[in-house]
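The values are calculated or read from the model by the stated rules, or taken from the named source; none is laboratory data. Only a predicted model underlies this, so the values are computations on that prediction, with no experimental measurement involved. Methodologically, a virtual Cβ is constructed for each residue, glycine included, from the backbone with ideal geometry; neighbour enumeration extends over all protein chains shown. For the accessible areas, the whole protein counts, side chains as well, though only heavy atoms, and no ligand, DNA or RNA atoms are used. Shrake-Rupley method; radii C 1.70, N 1.55, O 1.52, S 1.80 Å.
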Amino acid sequence: MDKIKILYNEDEIAARVKELAETLYQKYGDDEVVFVCTLKGAVFFACDLLKRYKGDARLEFLRVASYEGESSTGKISLKMPLDAEKINGKHAVIIEDIVDTGYTLEYIRKYVADMHPASLIECTLLDKKARRVVDINPTYSGFVIDDLFVVGYGLDYDQKYRNLPYIGVVVKE
Ligand code: IMP
């Protein structure tokens, strides 16, 4: 296995996820909220976030494909659709693992917005702000990171490393 340099350990992630869950609860109170988790990368984050969220949460999933290896193409395709009925008229929160160029979030945002939610925001665990190509800013982000390719806690490199409990950078030897 490659060596991984830890960027955020389990405790740091847990503390930040708890803060985000509290921020979201302060925003919505006991109103019903539909969390839209983007597969596969955001699944660890979404589970932990929802376990910490004290309000009335529903959970839906969608899957898009956008990434091959380390470079984003900007070409996004829908692999698993959402049921529009679950979104229409509800407060929706898109849960993302990482926003890089922004193409993926831009696509998902438009896709969900077209289902006419009562409101729509985005919550990403990681934000690589410096790499943005599209003019889109997630409403909430866990950590703003430098231009590094990170793995773990759901994030993969060619499907590997999702199961690491921390977020790290692969050190090439
Ligand atoms: P974007 O469309 O360029 O913003 O890329 C977003 C998607 O690319 C994310 O949902 C991830 O699946 C993937 N991605 C971007 N950066 C990384 C990274 O550092 N590690 C793992 N996946 C990444």
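Of the accessible area of the chain, with the probe set at 1.4 angstrom, what percent is carbon plus sulfur?
Carbon and sulfur: 47 percent of the exposed surface of the chain.
Can you tell me the orientation of helix 43-52 relative to the chain, as the angle in degrees between its alpha-carbon axis and the longest Cα principal axis, to the nearest 10?
50 degrees
Can you list the lysines whose alpha carbon is less than 22 Å from that of Lys172, not counting same-chain residues fewer than 8 positions off?
Lys3, Lys5, Lys128, Lys160
Against the longest principal axis of the chain, how steep is helix 103-113, in degrees 0 to 90 to the nearest 10, with axes from Cα atoms?
10 degrees
How big is the dipole moment of the chain about its Cα centre under a simple scheme where the beta carbon of each Lys and Arg is +1, that of each Asp and Glu is -1, and everything else is neutral? Debye, nearest 20, please. Please report the intermediate quantities before stating the final value.
Working: 24 positive and 29 negative charges, 32 e Å.
Using Cβ point charges on Lys, Arg, Asp and Glu, the chain gives about 160 debye.
For every helix of n ≥ 4 consecutive DSSP H residues, a contribution of -39,500 (n - 2.57) applies; sum these over the chain, divide by its total residues, and give [θ] at 222 nm rounded to the nearest 500 deg cm²/dmol.
Result for the chain: -7500 deg cm²/dmol, rounded to the nearest 500.
Which order do the peptides 3-11, 145-153, 50-58, 33-41 take when ranked by the mean count of other beta-carbon atoms within 10 Å per residue, highest first?
So the order, starting with the most tightly packed, is 33-41, 145-153, 50-58, 3-11.
Compute the angle between helix 10-28 and the longest alpha-carbon principal axis of the chain, please, reported from 0 to 90 degrees and rounded to the nearest 10.
With rounding to tens, the tilt is 20 degrees.
Express the Stokes-Einstein translational diffusion coefficient of segment 117-170 in µm² s⁻¹, to the nearest whole number, given a Kirkwood radius over alpha-carbon pairs, 37 °C and a viscosity of 0.692 mPa s.
Answer from the Stokes-Einstein relation: 263 µm²/s.
Which whole-number percentage describes the relative contact order of the chain, with Cα contacts under 8 Å and a sequence gap of 6 or more?
Computed value for the chain: 26 percent relative contact order.
Give the accessible surface of the chain per residue, rounded to a whole number of Å², with probe radius 1.4 Å and ligands, DNA and RNA excluded.
So the chain comes to 52 Å² accessible per residue, rounded to a whole number.
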